[in-house]
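The values are calculated or read from the model by the stated rules, or taken from the named source; none is laboratory data. Fair warning: this is a prediction, and the values are worked out from it, not measured in the lab. Counting neighbours? That spans all protein chains shown, and the Cβs are built from the backbone with ideal geometry, glycine included.
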Amino acid sequence: MIPVVFVNSEKALWRIGGRTVMDRILELLSREGHPAYAVVCNDEIFDSVASELRSMSRQSRALKASSWIEELPGDQELLLLVDGEVVYDPRLIHLAIKWTVPTILVDSNPRVSQPGRPSFDGKAFVGLLAVRPPDASQMGGNDSSRDFPDYLETFRGDVVDVDALPSYSVPHRRGILHYWVQVTGQPDVKIAKKLLVDAGGKGHQELAVLIFNRPVETFLSYYFSDWRITPNQITVVGTLIGCGATICFALGYFWWGILIALAAEVLDGLDGRQARIQIKTSKLGEYEHVLDKIVEISWMIALGWFFSDGFSDELYLWATLGWILFHNLDNLSYSVFRAKRGIVIDEASKLDAAIRLFASNRNNNILFLLVGLAIGFPLEAYWFIMAWSVLTPVVHWIRLVILLNRPADTAHPAN
């Protein structure tokens, strides 16, 4: 299959979430292993599109609408025609690139009003259409956008309705309704950006995240997403800030330590959102969780160091070592379940999602320490965290055994 992107105005070159609309499409296609062969445009914007492709170092070619079909390779059985002025949910591109027969994607109940949008059989045309090259030749002329509705009148093939697609996203650990927005003006830019930000967060989080982190992350992400700061840069800054919290805890400056730790936790969530919004997820980013674990361990070591006056009381040293052991056992339970079932244990049922809500982890432990400090019992909060960190992996391993002894199809993701 060869993807061909159709652009009819410079709105495709507007930036949303750190990328132009056209570049978002090209990046999604490239990540699916099918970089767009060409970007077809009318004469008026040909130079702008060609210049943009060169600046992005894209392999795609800019072709004129009047002659594009003659310049395509002749050995392709199917072409994926893509409307280049639509911000797509990545899952829609992932779906379309797998089509093997002529297929059209429509939406009987769009999340966003799309006035003037071409329709097919009374449903909104999403902008993804797989056709055979001889049929695509009908899309000639100087105005590529007009050719879509013209061609829809004669299309014969499979019809896929966005409204009927399953909404649960395993990478996001939650249900997300599929979205797509045709960019016709500045109001659409704001709508698309909000949808990208809302879809950037993960589900099945802990109580502390729902109370504080997520609202702050969402607010900041709306503005950060257009900045040139990369997800990896946010990760580095967050890690350094987290180390600052370690120093504060070791010196007994608990309030400062908590405030700095909260900032580090927000940045920890923000880097992932930035990567998903800007389509800059990478293998390197997956190792960011290792840094998070190291920083989390350093916080607990620092607290034990302060409360025991440099581990002069060995009880705190052994407690810290025990915490590290049970912390890793908890991580192991997640790894085992993911290897067996392809999802994290929090997604297995509503009960497991509720366990995650109150379990011992980086975000909740800081919340526990904050509550203890606020009521004047920081040491008691420390020992509560230690005890809770033993109970959490015990509960997770019990659930792991129960879930793995059930047929796989009974462990449904918890919405």
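The table for this structure:
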quantity	calculated
Search result, residues across region 41-69 that are under 16 Å from P3 (Cβ atoms) and modelled with pLDDT of 85 or more	V49, L53, S60, R61, A62, L63
Those strands (runs of 3 or more DSSP E) lying entirely in region 27-91 with at least 1 residues of a type in the set (K, R)	61-64
Those helices (runs of 4 or more DSSP H) lying entirely in region 305-408 with at least 2 residues of a type in the set (S, T, N, Q) and within 19 Å of V295 (Cα to Cα)	314-341, 362-374
Close pairs (8 angstrom Cβ cut-off, 6 or more residues apart or separate chains): more than 11 Å from E288 (Cα to Cα) in region 217-236, surrounded by fewer than 17 Cβ atoms within 10 Å (Cβ to Cβ) anywhere	T218/D198; Y222/K194; D226/R15; T230/K280
Residues of region 80-130 classified as under 23 Å from L53 (Cβ atoms) and either at pLDDT below 90 or outside the structural domain of I45 (by TED's automatic domain parsing) (or both), total	0
Failed item in (1) exposed (fewer than 15 other Cβ atoms within 10 Å of the Cβ); (2) in contact (Cβ under 8 Å) with a residue 12 or more places away in the chain; (3) closer than 23 Å to A264 by Cβ, with P378 passing the rest	(1)
Qualifying residue in region 50-69 (condition: of a type in the set (K, R) and within 30 Å of R174 (Cβ to Cβ))	no
Positions within region 32-75 being under 20 Å from F148 (Cα atoms), out of contact with any Pro (no Cβ under 7 Å at 6 or more places or on another chain) and of a type outside the set (A, V, I, L, M, F, W, C), in sequence order	N42, D43, E44, K64, S66, S67, E70, E71
Whichever residue in region 191-233 is touching a strand residue (DSSP E or B) at 6+ places or on another chain (Cβ under 8 Å) and assigned to a helix (DSSP H, G or I) and, among such residues, is surrounded by the fewest Cβ atoms within 10 Å (Cβ to Cβ)	I191
Number of positions in region 70-95 that are among the acidic types (D, E) and surrounded by fewer than 23 Cβ atoms within 10 Å (Cβ to Cβ)	4
Which listed residue, of S298, S349, is touching a Cys at 6+ places or on another chain (Cβ under 8 Å) and crowded, with 17+ Cβ neighbours inside 10 Å	S298
Residue within region 15-22 that is over 26 Å from G116 (Cβ atoms), touching a Ser or Thr at 6+ places or on another chain (Cβ under 6 Å), of a type outside the set (S, T, N, Q) and not assigned by TED's automatic domain parsing to the domain that holds Y223 present	yes
Test: residue in region 346-358 that is of a type in the set (S, T, Y) and touching an Asp or Glu at 6+ places or on another chain (Cβ under 9 Å)	no
Considering residues of region 248-295 that are touching a residue at least 24 places away in the same chain (Cβ under 8 Å) and acidic (D, E) only, the residue surrounded by the fewest Cβ atoms within 10 Å (Cβ to Cβ)	D292
Every residue from region 168-190 that is of a type outside the set (F, W, Y), assigned to a strand (DSSP E or B) and farther than 23 Å from G84 by Cα	S169, R174, G175
Single match in L321, L351, L317, L369 (criterion: more than 24 Å from the chain's Cα centre (by Cα) and closer than 27 Å to L267 by Cα)	L369
